[in-house]
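The block underneath contains the structure these notes are about, expressed in C-alpha coordinates.
The values are calculated or read from the model by the stated rules, or taken from the named source; none is laboratory data. Note that this is a predicted model, so its numbers are computed, not measured. So basically every Cβ, Gly included, is an ideal-geometry build from the backbone, and we count neighbours across all protein chains shown. Surface areas here come from the heavy atoms of the whole protein model, side chains and all, with no ligands, DNA or RNA. Shrake-Rupley method; radii C 1.70, N 1.55, O 1.52, S 1.80 Å.
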Amino acid sequence: MNIFEQHESEVRGYCRSFPTVFASAKGAWMTDANGRRYLDFFSGAGVLNYGHNPDCLKQALLAYLVRDGITHTLDMYSEAKAAFIERFQQTILEPRKLAYKLQFPGPTGTNAVEAALKLARKVTGRETVVSFTNAFHGMSLGALSVTGNGFKRAGAGIPLTHAAFMPFDGYMGSDTDTLDYLESVLQDNGSGTELPAAVILETVQAEGGVNVASVDWLRRLREITQQHGIVLIVDDVQVGCGRTGHFFSFEEAGIVPDIVTLSKSLSGYGLPLALVLIRPDLDQWAPGEHNGTFRGHCPAFVTATAALGYWCGTTLQEAIGQKSLLVQESLEHMLNRHGIDGSVRGRGLIHGVEFTDASLASRISQACFERGLVIETAGIDDQVLKLLPSLTIKEDELAHGLDTIDQGLRSALS
Ligand code: PMP
(Lines give C-alpha, C1' and ligand atoms only; values in the text may rest on other atoms or scores of the structure.)
Protein backbone atom coordinates (compact mmCIF):
# COMPACT_ATOMS: atom_id res chain seq x y z
CA MET A 1 0.00 0.00 0.00
CA ASN A 2 1.52 3.35 -0.98
CA ILE A 3 1.33 6.61 0.95
CA PHE A 4 -1.67 7.77 -1.08
CA GLU A 5 -3.71 4.62 -0.54
CA GLN A 6 -2.80 4.69 3.12
CA HIS A 7 -3.75 8.28 3.84
CA GLU A 8 -5.85 9.77 1.04
CA SER A 9 -9.60 9.46 0.90
CA GLU A 10 -11.23 6.78 -1.23
CA VAL A 11 -12.60 9.62 -3.34
CA ARG A 12 -9.32 9.55 -5.30
CA GLY A 13 -10.18 9.25 -8.98
CA TYR A 14 -7.78 9.83 -11.86
CA CYS A 15 -4.85 8.25 -10.00
CA ARG A 16 -6.64 4.93 -10.36
CA SER A 17 -6.60 5.21 -14.16
CA PHE A 18 -3.03 6.52 -14.23
CA PRO A 19 -1.28 4.76 -11.35
CA THR A 20 2.11 6.44 -11.17
CA VAL A 21 3.64 9.35 -9.27
CA PHE A 22 4.24 12.36 -11.51
CA ALA A 23 7.20 14.57 -10.80
CA SER A 24 7.76 17.09 -13.59
CA ALA A 25 6.44 18.13 -16.98
CA LYS A 26 7.33 20.23 -20.00
CA GLY A 27 5.29 21.00 -23.08
CA ALA A 28 3.28 17.94 -24.06
CA TRP A 29 5.24 15.57 -21.82
CA MET A 30 4.99 14.49 -18.18
CA THR A 31 7.68 12.57 -16.30
CA ASP A 32 7.05 10.29 -13.37
CA ALA A 33 9.21 9.71 -10.30
CA ASN A 34 10.94 6.80 -12.05
CA GLY A 35 11.94 9.01 -14.97
CA ARG A 36 9.37 7.45 -17.35
CA ARG A 37 7.93 9.92 -19.87
CA TYR A 38 4.27 10.13 -20.86
CA LEU A 39 2.77 12.11 -23.70
CA ASP A 40 -0.19 14.07 -22.36
CA PHE A 41 -3.47 13.81 -24.30
CA PHE A 42 -5.46 14.76 -21.20
CA SER A 43 -4.06 18.21 -20.35
CA GLY A 44 -5.53 18.24 -16.86
CA ALA A 45 -9.04 17.98 -18.36
CA GLY A 46 -8.46 21.17 -20.32
CA VAL A 47 -6.29 23.12 -17.87
CA LEU A 48 -3.07 22.98 -19.89
CA ASN A 49 -4.07 24.29 -23.29
CA TYR A 50 -0.60 25.80 -23.76
CA GLY A 51 1.22 22.72 -22.49
CA HIS A 52 3.08 22.21 -19.23
CA ASN A 53 5.28 25.01 -17.88
CA PRO A 54 5.36 27.16 -21.05
CA ASP A 55 8.51 29.28 -20.94
CA CYS A 56 6.92 32.69 -21.53
CA LEU A 57 4.46 32.16 -18.66
CA LYS A 58 7.13 30.75 -16.39
CA GLN A 59 9.36 33.79 -16.96
CA ALA A 60 6.50 36.16 -16.16
CA LEU A 61 5.69 34.25 -12.97
CA LEU A 62 9.32 34.01 -11.85
CA ALA A 63 9.87 37.75 -12.39
CA TYR A 64 6.74 38.49 -10.35
CA LEU A 65 7.83 36.24 -7.49
CA VAL A 66 11.40 37.57 -7.51
CA ARG A 67 10.15 41.13 -7.04
CA ASP A 68 7.88 40.01 -4.17
CA GLY A 69 4.78 40.81 -6.15
CA ILE A 70 1.79 40.55 -3.86
CA THR A 71 0.27 37.06 -3.97
CA HIS A 72 -3.01 37.51 -2.17
CA THR A 73 -5.36 40.46 -1.98
CA LEU A 74 -8.84 38.93 -1.60
CA ASP A 75 -10.64 41.04 -4.19
CA MET A 76 -8.74 44.24 -3.48
CA TYR A 77 -7.22 46.01 -6.47
CA SER A 78 -3.79 44.84 -7.51
CA GLU A 79 -1.44 45.67 -10.38
CA ALA A 80 -1.58 42.05 -11.48
CA LYS A 81 -5.37 42.17 -11.75
CA ALA A 82 -5.29 45.52 -13.55
CA ALA A 83 -2.83 44.15 -16.11
CA PHE A 84 -5.03 41.11 -16.73
CA ILE A 85 -8.24 43.14 -17.13
CA GLU A 86 -6.56 45.54 -19.54
CA ARG A 87 -5.04 42.77 -21.66
CA PHE A 88 -8.26 40.74 -21.66
CA GLN A 89 -10.19 43.78 -22.92
CA GLN A 90 -7.60 44.53 -25.61
CA THR A 91 -6.90 41.01 -26.80
CA ILE A 92 -10.15 39.16 -26.32
CA LEU A 93 -13.21 41.37 -25.86
CA GLU A 94 -12.55 44.47 -28.01
CA PRO A 95 -11.53 42.65 -31.22
CA ARG A 96 -14.70 40.56 -30.92
CA LYS A 97 -16.82 43.63 -30.14
CA LEU A 98 -17.96 41.98 -26.93
CA ALA A 99 -18.99 44.09 -23.96
CA TYR A 100 -18.97 42.18 -20.69
CA LYS A 101 -18.38 43.03 -17.05
CA LEU A 102 -15.80 40.76 -15.43
CA GLN A 103 -16.42 38.92 -12.16
CA PHE A 104 -13.80 36.78 -10.42
CA PRO A 105 -16.02 34.34 -8.59
CA GLY A 106 -13.50 32.11 -6.79
CA PRO A 107 -10.76 29.76 -7.98
CA THR A 108 -12.66 27.00 -9.76
CA GLY A 109 -14.99 26.39 -12.66
CA THR A 110 -17.65 25.37 -10.18
CA ASN A 111 -17.37 28.76 -8.49
CA ALA A 112 -18.00 30.42 -11.85
CA VAL A 113 -21.03 28.22 -12.54
CA GLU A 114 -22.47 28.90 -9.08
CA ALA A 115 -22.10 32.64 -9.58
CA ALA A 116 -23.72 32.47 -13.02
CA LEU A 117 -26.71 30.47 -11.75
CA LYS A 118 -27.20 32.74 -8.76
CA LEU A 119 -26.99 35.90 -10.84
CA ALA A 120 -29.45 34.63 -13.46
CA ARG A 121 -31.95 33.79 -10.72
CA LYS A 122 -31.42 37.13 -9.02
CA VAL A 123 -31.85 39.30 -12.11
CA THR A 124 -34.88 37.45 -13.46
CA GLY A 125 -36.52 36.77 -10.09
CA ARG A 126 -37.21 33.28 -11.44
CA GLU A 127 -35.95 29.98 -10.11
CA THR A 128 -35.77 27.27 -12.73
CA VAL A 129 -32.63 26.63 -14.72
CA VAL A 130 -32.73 24.52 -17.86
CA SER A 131 -29.80 22.25 -18.45
CA PHE A 132 -29.14 19.47 -20.95
CA THR A 133 -28.81 15.71 -20.92
CA ASN A 134 -25.19 14.66 -20.29
CA ALA A 135 -24.24 18.14 -19.06
CA PHE A 136 -21.39 18.59 -16.58
CA HIS A 137 -21.14 21.85 -14.65
CA GLY A 138 -19.35 20.98 -11.41
CA MET A 139 -19.60 19.17 -8.11
CA SER A 140 -21.11 21.66 -5.66
CA LEU A 141 -24.79 21.26 -4.83
CA GLY A 142 -25.97 24.03 -7.16
CA ALA A 143 -23.74 22.97 -10.06
CA LEU A 144 -24.67 19.33 -9.50
CA SER A 145 -28.33 20.12 -9.86
CA VAL A 146 -27.69 21.14 -13.49
CA THR A 147 -25.30 18.24 -14.09
CA GLY A 148 -26.62 15.10 -15.77
CA ASN A 149 -27.80 12.26 -13.60
CA GLY A 150 -25.37 9.79 -15.07
CA PHE A 151 -22.46 11.48 -13.31
CA LYS A 152 -21.61 10.51 -9.76
CA ARG A 153 -23.82 12.78 -7.69
CA ALA A 154 -23.10 11.56 -4.17
CA GLY A 155 -24.66 13.80 -1.56
CA ALA A 156 -26.75 15.73 -4.08
CA GLY A 157 -29.96 16.32 -2.24
CA ILE A 158 -30.38 20.05 -1.99
CA PRO A 159 -30.47 21.01 -5.65
CA LEU A 160 -31.97 24.15 -7.14
CA THR A 161 -35.67 24.28 -6.40
CA HIS A 162 -36.24 23.62 -10.06
CA ALA A 163 -33.73 22.24 -12.50
CA ALA A 164 -35.20 21.09 -15.79
CA PHE A 165 -33.33 18.86 -18.20
CA MET A 166 -33.82 19.06 -21.94
CA PRO A 167 -32.35 16.82 -24.64
CA PHE A 168 -29.08 18.15 -26.06
CA ASP A 169 -28.52 18.50 -29.81
CA GLY A 170 -28.57 15.03 -31.38
CA TYR A 171 -29.69 13.30 -28.19
CA MET A 172 -32.87 12.01 -29.80
CA GLY A 173 -31.24 11.00 -33.06
CA SER A 174 -30.70 13.05 -36.17
CA ASP A 175 -34.42 13.16 -37.13
CA THR A 176 -35.58 15.02 -34.02
CA ASP A 177 -34.87 18.70 -33.53
CA THR A 178 -34.55 18.86 -29.77
CA LEU A 179 -35.15 22.62 -29.77
CA ASP A 180 -38.69 22.02 -31.09
CA TYR A 181 -39.22 20.18 -27.85
CA LEU A 182 -37.78 23.02 -25.75
CA GLU A 183 -39.84 25.57 -27.63
CA SER A 184 -43.08 23.72 -27.13
CA VAL A 185 -42.39 23.38 -23.40
CA LEU A 186 -41.71 27.11 -23.15
CA GLN A 187 -44.84 28.00 -25.10
CA ASP A 188 -47.12 25.79 -23.04
CA ASN A 189 -48.20 28.17 -20.32
CA GLY A 190 -51.31 26.17 -19.57
CA SER A 191 -49.57 24.31 -16.78
CA GLY A 192 -48.91 27.59 -15.01
CA THR A 193 -45.19 26.92 -14.71
CA GLU A 194 -43.00 29.99 -14.77
CA LEU A 195 -40.40 30.57 -17.43
CA PRO A 196 -36.89 29.46 -16.55
CA ALA A 197 -34.37 32.01 -15.29
CA ALA A 198 -31.62 30.58 -17.44
CA VAL A 199 -30.48 27.97 -19.88
CA ILE A 200 -26.96 26.69 -19.18
CA LEU A 201 -24.97 24.64 -21.66
CA GLU A 202 -21.59 23.56 -22.90
CA THR A 203 -21.41 24.03 -26.68
CA VAL A 204 -19.30 20.88 -26.73
CA GLN A 205 -20.17 18.62 -23.81
CA ALA A 206 -16.74 17.47 -22.76
CA GLU A 207 -17.23 15.19 -19.74
CA GLY A 208 -20.55 14.08 -21.21
CA GLY A 209 -18.81 12.36 -24.12
CA VAL A 210 -17.70 15.08 -26.58
CA ASN A 211 -21.20 15.87 -27.83
CA VAL A 212 -20.97 18.76 -30.26
CA ALA A 213 -23.89 21.16 -30.66
CA SER A 214 -24.27 22.31 -34.24
CA VAL A 215 -23.88 25.96 -35.16
CA ASP A 216 -27.55 26.12 -36.28
CA TRP A 217 -28.76 24.59 -33.04
CA LEU A 218 -26.78 27.14 -31.03
CA ARG A 219 -28.14 30.04 -33.09
CA ARG A 220 -31.69 28.87 -32.65
CA LEU A 221 -31.18 28.35 -28.92
CA ARG A 222 -29.93 31.94 -28.71
CA GLU A 223 -33.05 33.14 -30.56
CA ILE A 224 -35.42 31.17 -28.36
CA THR A 225 -33.82 32.34 -25.12
CA GLN A 226 -33.80 35.92 -26.36
CA GLN A 227 -37.49 35.76 -27.35
CA HIS A 228 -38.47 34.53 -23.89
CA GLY A 229 -36.11 36.75 -21.88
CA ILE A 230 -34.18 33.74 -20.58
CA VAL A 231 -30.55 34.25 -19.59
CA LEU A 232 -28.26 32.16 -21.80
CA ILE A 233 -25.21 30.90 -19.90
CA VAL A 234 -22.43 29.28 -21.91
CA ASP A 235 -20.18 27.23 -19.66
CA ASP A 236 -16.82 27.53 -21.40
CA VAL A 237 -14.87 26.18 -18.44
CA GLN A 238 -13.52 23.22 -20.40
CA VAL A 239 -13.85 24.16 -24.07
CA GLY A 240 -13.10 27.87 -23.78
CA CYS A 241 -9.64 29.44 -23.98
CA GLY A 242 -9.12 28.14 -27.49
CA ARG A 243 -9.98 24.47 -27.20
CA THR A 244 -12.46 24.56 -30.10
CA GLY A 245 -10.19 26.68 -32.29
CA HIS A 246 -11.62 30.03 -31.20
CA PHE A 247 -10.98 31.69 -27.86
CA PHE A 248 -14.68 31.25 -27.02
CA SER A 249 -16.44 28.08 -28.10
CA PHE A 250 -19.55 29.99 -29.22
CA GLU A 251 -17.71 32.21 -31.70
CA GLU A 252 -18.14 29.83 -34.61
CA ALA A 253 -21.93 30.16 -34.23
CA GLY A 254 -21.63 33.94 -34.03
CA ILE A 255 -23.85 34.07 -30.94
CA VAL A 256 -23.37 36.25 -27.88
CA PRO A 257 -24.37 34.59 -24.59
CA ASP A 258 -25.60 36.71 -21.68
CA ILE A 259 -23.18 35.08 -19.25
CA VAL A 260 -20.00 33.09 -19.93
CA THR A 261 -18.00 31.03 -17.45
CA LEU A 262 -14.26 30.43 -17.90
CA SER A 263 -11.65 28.72 -15.74
CA LYS A 264 -9.31 25.75 -16.37
CA SER A 265 -6.88 27.13 -19.02
CA LEU A 266 -7.49 30.77 -18.15
CA SER A 267 -4.32 31.06 -16.07
CA GLY A 268 -2.52 28.97 -18.71
CA TYR A 269 -0.26 27.50 -16.05
CA GLY A 270 -2.43 25.21 -14.00
CA LEU A 271 -3.00 27.91 -11.39
CA PRO A 272 -6.60 28.20 -10.21
CA LEU A 273 -8.45 31.13 -11.73
CA ALA A 274 -12.04 31.58 -12.84
CA LEU A 275 -13.95 34.34 -14.57
CA VAL A 276 -17.59 35.12 -15.19
CA LEU A 277 -18.42 37.42 -18.09
CA ILE A 278 -21.67 39.27 -17.57
CA ARG A 279 -23.78 41.29 -20.00
CA PRO A 280 -23.39 44.76 -18.43
CA ASP A 281 -27.09 45.35 -17.68
CA LEU A 282 -27.26 41.98 -15.92
CA ASP A 283 -24.47 42.91 -13.52
CA GLN A 284 -26.90 43.51 -10.70
CA TRP A 285 -24.77 42.08 -7.91
CA ALA A 286 -24.72 44.16 -4.75
CA PRO A 287 -21.20 44.60 -3.30
CA GLY A 288 -20.15 41.51 -1.37
CA GLU A 289 -23.08 39.43 -2.56
CA HIS A 290 -20.84 36.71 -3.96
CA ASN A 291 -17.60 36.73 -2.03
CA GLY A 292 -14.91 34.23 -1.10
CA THR A 293 -11.27 34.19 -0.05
CA PHE A 294 -9.61 33.24 -3.32
CA ARG A 295 -11.26 35.50 -5.86
CA GLY A 296 -8.49 36.24 -8.25
CA HIS A 297 -5.07 34.96 -7.37
CA CYS A 298 -2.31 37.40 -8.28
CA PRO A 299 0.25 34.86 -9.57
CA ALA A 300 -2.58 33.35 -11.67
CA PHE A 301 -3.38 36.82 -13.06
CA VAL A 302 0.29 37.16 -14.03
CA THR A 303 0.38 33.92 -16.02
CA ALA A 304 -3.14 34.54 -17.39
CA THR A 305 -2.00 37.92 -18.75
CA ALA A 306 1.05 36.32 -20.37
CA ALA A 307 -1.13 33.50 -21.79
CA LEU A 308 -3.25 36.02 -23.68
CA GLY A 309 -0.14 36.59 -25.79
CA TYR A 310 -1.07 33.37 -27.60
CA TRP A 311 -4.19 35.18 -28.84
CA CYS A 312 -2.40 38.14 -30.40
CA GLY A 313 -2.41 37.24 -34.08
CA THR A 314 -3.75 34.09 -35.66
CA THR A 315 -0.78 31.69 -35.51
CA LEU A 316 -2.17 29.49 -32.73
CA GLN A 317 -5.64 29.44 -34.22
CA GLU A 318 -4.39 28.36 -37.64
CA ALA A 319 -2.25 25.64 -36.11
CA ILE A 320 -5.25 24.30 -34.16
CA GLY A 321 -7.20 24.05 -37.44
CA GLN A 322 -4.46 21.99 -39.10
CA LYS A 323 -3.99 19.70 -36.12
CA SER A 324 -7.74 19.24 -35.80
CA LEU A 325 -7.90 17.85 -39.34
CA LEU A 326 -4.99 15.52 -38.66
CA VAL A 327 -6.73 14.11 -35.55
CA GLN A 328 -10.12 13.76 -37.22
CA GLU A 329 -8.75 11.96 -40.29
CA SER A 330 -6.42 9.75 -38.32
CA LEU A 331 -9.18 8.57 -35.96
CA GLU A 332 -11.56 7.87 -38.83
CA HIS A 333 -8.88 5.87 -40.67
CA MET A 334 -8.17 3.96 -37.48
CA LEU A 335 -11.80 2.86 -37.13
CA ASN A 336 -11.94 1.85 -40.80
CA ARG A 337 -8.66 -0.01 -40.66
CA HIS A 338 -9.73 -2.10 -37.70
CA GLY A 339 -13.32 -2.46 -38.94
CA ILE A 340 -14.63 -1.06 -35.63
CA ASP A 341 -18.10 0.38 -35.07
CA GLY A 342 -17.86 3.85 -33.68
CA SER A 343 -18.11 7.53 -34.36
CA VAL A 344 -15.58 10.34 -34.26
CA ARG A 345 -16.75 13.73 -33.02
CA GLY A 346 -14.95 16.93 -32.26
CA ARG A 347 -14.19 20.55 -32.84
CA GLY A 348 -10.77 22.19 -32.72
CA LEU A 349 -8.60 20.03 -30.47
CA ILE A 350 -11.24 18.20 -28.50
CA HIS A 351 -12.16 14.88 -30.07
CA GLY A 352 -14.05 11.86 -28.91
CA VAL A 353 -14.32 8.37 -30.34
CA GLU A 354 -17.48 6.64 -29.21
CA PHE A 355 -17.39 2.87 -29.45
CA THR A 356 -20.41 0.62 -29.70
CA ASP A 357 -18.57 -1.73 -27.35
CA ALA A 358 -18.71 0.55 -24.31
CA SER A 359 -15.79 -1.03 -22.47
CA LEU A 360 -13.37 -0.54 -25.35
CA ALA A 361 -12.53 3.10 -24.56
CA SER A 362 -11.35 2.26 -21.04
CA ARG A 363 -9.34 -0.70 -22.31
CA ILE A 364 -7.65 1.50 -24.90
CA SER A 365 -6.94 4.19 -22.30
CA GLN A 366 -5.25 1.59 -20.12
CA ALA A 367 -3.27 0.11 -23.01
CA CYS A 368 -2.15 3.63 -24.00
CA PHE A 369 -0.99 4.38 -20.47
CA GLU A 370 1.16 1.23 -20.56
CA ARG A 371 2.65 2.62 -23.77
CA GLY A 372 3.35 6.08 -22.34
CA LEU A 373 0.26 8.04 -23.37
CA VAL A 374 -2.14 9.64 -20.90
CA ILE A 375 -5.61 9.70 -22.40
CA GLU A 376 -8.97 9.72 -20.60
CA THR A 377 -12.45 8.43 -21.26
CA ALA A 378 -15.68 10.44 -21.11
CA GLY A 379 -19.41 9.86 -21.30
CA ILE A 380 -21.81 8.39 -18.79
CA ASP A 381 -20.55 4.85 -19.42
CA ASP A 382 -16.96 5.89 -20.13
CA GLN A 383 -17.74 4.77 -23.65
CA VAL A 384 -15.89 7.63 -25.35
CA LEU A 385 -12.14 7.94 -25.73
CA LYS A 386 -11.48 11.66 -25.25
CA LEU A 387 -8.51 13.36 -26.90
CA LEU A 388 -7.45 16.64 -25.35
CA PRO A 389 -3.84 17.34 -26.35
CA SER A 390 -2.37 20.77 -25.67
CA LEU A 391 -3.10 23.34 -28.37
CA THR A 392 0.63 23.93 -28.72
CA ILE A 393 1.57 20.28 -29.21
CA LYS A 394 3.98 19.70 -32.10
CA GLU A 395 2.66 17.81 -35.12
CA ASP A 396 5.15 14.95 -34.68
CA GLU A 397 4.10 14.59 -31.03
CA LEU A 398 0.46 14.55 -32.08
CA ALA A 399 1.21 11.90 -34.70
CA HIS A 400 3.09 9.85 -32.11
CA GLY A 401 0.09 10.01 -29.75
CA LEU A 402 -2.31 9.00 -32.52
CA ASP A 403 -0.06 6.11 -33.41
CA THR A 404 -0.04 5.01 -29.75
CA ILE A 405 -3.86 5.07 -29.72
CA ASP A 406 -3.81 2.80 -32.75
CA GLN A 407 -1.47 0.40 -30.93
CA GLY A 408 -3.65 0.66 -27.82
CA LEU A 409 -6.73 -0.25 -29.84
CA ARG A 410 -4.95 -3.19 -31.42
CA SER A 411 -3.91 -4.43 -28.00
CA ALA A 412 -7.38 -3.87 -26.48
CA LEU A 413 -8.91 -5.94 -29.28
CA SER A 414 -6.51 -8.85 -28.93
N1 PMP B 1 -17.97 23.16 -16.15
C2 PMP B 1 -17.40 22.35 -17.04
C3 PMP B 1 -17.87 22.38 -18.45
C4 PMP B 1 -16.37 21.48 -16.65
O5 PMP B 1 -15.83 20.65 -17.55
C6 PMP B 1 -15.93 21.50 -15.31
C7 PMP B 1 -14.80 20.59 -14.84
N8 PMP B 1 -14.62 19.42 -15.48
C9 PMP B 1 -16.55 22.38 -14.42
C10 PMP B 1 -17.55 23.20 -14.86
C11 PMP B 1 -16.13 22.43 -12.99
O12 PMP B 1 -14.88 23.02 -12.87
P13 PMP B 1 -13.98 22.76 -11.59
O14 PMP B 1 -13.62 21.31 -11.59
O15 PMP B 1 -12.79 23.66 -11.76
O16 PMP B 1 -14.78 23.15 -10.41
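His72 exposes around 70 Å² of accessible area when a 1.4 Å probe is run over every protein chain in place.
Two-decimal Rg/Rh of segment 86-132 from alpha-carbon positions, Kirkwood Rh?
Ratio of gyration radius to Kirkwood radius for segment 86-132: 1.07.
Under the combined filter of DSSP loop state and at most 14 neighbouring Cβ atoms within 10 Å, segment 1-93 retains these trypsin sites (Lys or Arg not before Pro): Arg12, Arg36, Arg67.
The helix-only estimate of mean residue ellipticity at 222 nm for the chain, built from DSSP H runs of length n ≥ 4 each weighted as -39500 (n - 2.57), is -10500 deg cm²/dmol after division by the residue total. Counting only protein heavy atoms and a probe of 1.4 Å, the accessible surface of the chain is 52% carbon and sulfur. Positive-end ranking of Thr303, Pro257, Gly245 along the dipole of segment 209-316, with charges on Cβ about the Cα centre, is headed by Thr303.
For the chain, the solvent-accessible area with a 1.4 angstrom probe is 43 square angstrom per residue. GNM remark for the chain: springs join alpha carbons under 10 Å apart, and the peak mean-square fluctuation among Asp396, Asp75, Asp40 falls on Asp396. Projected onto planes of every orientation and averaged, the convex hull of the alpha-carbon atoms in segment 304-414 covers 7.4 nm². The slack in the chain from Thr315 to Leu74, taken as 0.36 nm per residue of separation less the alpha-carbon distance, amounts to 83.2 nm.
Cross-link partners for Lys264 among the lysines, with Cα-Cα distance under 22 Å and sequence neighbours closer than 8 places in the same chain left out: Lys26, Lys58, Lys81, Lys101, Lys118, Lys152, Lys323, Lys386, Lys394. Per the Debye calculation on segment 279-326 with a single equal scatterer at every Cα and no solvent contribution, log₁₀ I(q)/I(0) for q = 0.20, 0.25, 0.31, 0.32 Å⁻¹ amounts to -0.84, -0.92, -1.04, -1.05.
These residues, Glu289, Glu94, go from largest to smallest accessible area, 1.4 Å probe, as Glu94, Glu289. Sorting Trp285, Trp311 by accessible area puts them as Trp285, Trp311; the probe is 1.4 Å, largest comes first, and only protein heavy atoms count. The distance separating the Cα centre of segment 11-34 from that of segment 347-381 comes to 17 Å. Charged side chains reduced to their Cβ positions (Lys and Arg at +1, Asp and Glu at -1) give the chain a dipole of some 920 debye around its Cα centre. In this entry, the chain is assigned a mean projected area of 21.1 nm², taken as a quarter of its C-alpha convex hull surface. When the chain is treated as a GNM with alpha-carbon contacts under 10 Å, the residue of Gln205, Gln59, Gln238 showing the greatest mean-square fluctuation is Gln59.
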